[in-house]
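Bear in mind these aren't lab numbers, they're just calculated from the coordinates by the rules spelled out. Source: prediction; values computed, not measured. All Cβ positions, even for glycine, are placed from backbone atoms using ideal geometry, and neighbour counts span all protein chains on display.
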Amino acid sequence: MKALIQIGYGSPGKLALQEVPQPVPRGGDLLVRVHAAGLNAADRFLLRGEPLAVRALAGGLRRPRSRFVVGRALAGRVEAVGDDVRGFSVGDEVLAEVVGAVGELAVVPARLAAQKPVGLSFVEAAALPIAGTTALQGVRDIERGQRVLITGASGGVGSFAVQLAVARGAVVTAVCAGRNVAMMRSLGAERVIDYERTSGAEVGALWGKYDVILDLAGNYPVKALRGALAPGGTLLLSVGTGGRWLGPARRILSAMITGRRQVRTVTGRPDAADLSELAGMVATGRIRPAIDDIYSFREAAAALDRIDRGPVAGKIIIELVGSSA
């Protein structure tokens, strides 16, 4: 089969479409024909190999393991079902978060797969793993009427987080680049702040007070974000700078140590039930994936280059079936 392989760390020049052996499912697995794959910030980190801690996911400190297939978010059709699998059949359409998404076939543990609703396209479904689940897990405790601030709101996670918070009845303020203001309003944000015109010193003074701040950008000091919290408010941290080894982990750990009960982390985890919930919300029109661009399979390396260059408004999707691959 053909897959997008990462042969080193660094630029998109370390990527190549190659023929590789077909993956072999085990007893609890599904073999899925990939129709679409969604790219995420995690794919950029793995491409660059920084922070160095992420290299464990690629199987090697100096270079990725042999035939390491790029991508972790997919949607496709089941071609084979393991002997120990229940609830799935050949021909089912599914979505999942799993390593090796940008290939013609992928092995998916059945416990990580969710059924794709009929009203959901493969492109839409591929946008949900990682970005959608991280957003859902981040806003799950938000309550109706709360004032919520979301930085990095126009990115893959942020575009879902805005909609999910609005769906829960929150009053949402989105922080993004000025060119994405109209997009944020279309997703339900009541107020939009252009981060290019707002300094860290102005955060607490000008932005008001918020019950929840979801920081997906990491471009404001934690102290400034705390200053924008209402009494009893919560700061949710997902990203930030922190050096070559630990990346955002250093900023997050430091904030948690000093912030005590004010600070929580947002680290998305694979969850089939969350994928099912998200897919149902998209299929019924309650939320929608914001798609920046769709690339064909033969353009897969260019798609990752687009993520690497950034910034992206919403999601980048690679369409493997139905494109000009």
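A few comments on the model shown:
- Quotient of C-alpha Rg and 2.2 N^0.38 Å, computed over region 131-219: 0.96
- Take every Cα pair under 8 Å whose residues are at least 6 apart in sequence, average their separation, divide by the length of the chain, and the relative contact order is 20 percent.
- Amide N proximity, region 154-173 versus R48 label position 7 Å along Cα-to-Cβ, cut-off under 20 Å: 154-159
- When the alpha carbon gyration tensor of region 13-163 is reduced to an equivalent ellipsoid, the three semi-axes, largest first, read 27, 23, 13 Å.
- Charge tally around L149: other residues with Cβ under 10 Å, Lys/Arg +1 each, Asp/Glu -1 each, net +1.
- Restricting region 98-157 to GluC sites (Glu not before Pro) that sit in a DSSP loop and have at most 12 other Cβ atoms within 10 Å of their own Cβ leaves E143.
- Computed extension gain for V118 through A182, at 0.36 nm per residue and net of the alpha carbon distance, reaches 20.1 nm.
- Compared with the direct C-alpha span, the chain from R144 to R67 gains 23.0 nm at full extension, assuming 0.36 nm per residue.
- For region 88-100, Karplus couplings with θ = phi - 60° (6.51, -1.76, 1.60), whole Hz, Gly/Pro x: 10, 9, 4, x, 5, 9, 9, 9, 6, 9, 7, 5, x
- Relative contact order (percent, whole number), region 12-158, Cα cutoff 8 Å, 6+ residue spacing: 28
- When only the Cβ of Lys, Arg, Asp and Glu is charged (+1, +1, -1, -1), the dipole of region 99-153 relative to its Cα centre reaches about 180 debye.
- Only helical runs count toward this figure. For the chain, summing -39,500 (n - 2.57) over DSSP H runs of n ≥ 4 and dividing by all residues gives -7500 deg cm²/dmol at 222 nm.
- Inter-site label distance for D194 and M1 at 7 Å from Cα along Cβ, in nm: 4.7
- Taking only the Cα atoms of region 95-142, the radius of gyration and Dmax are 12.0, 39 Å.
- Estimated vicinal HN-Hα couplings, Hz - region 146-152 in sequence order (Karplus 6.51, -1.76, 1.60; Gly, Pro = x): 5, 8, 10, 10, 10, 8, x
- Computed from the C-beta positions of T284 and D83 and an R0 of 35 Å, the FRET efficiency is 0.50 to the nearest 0.05.
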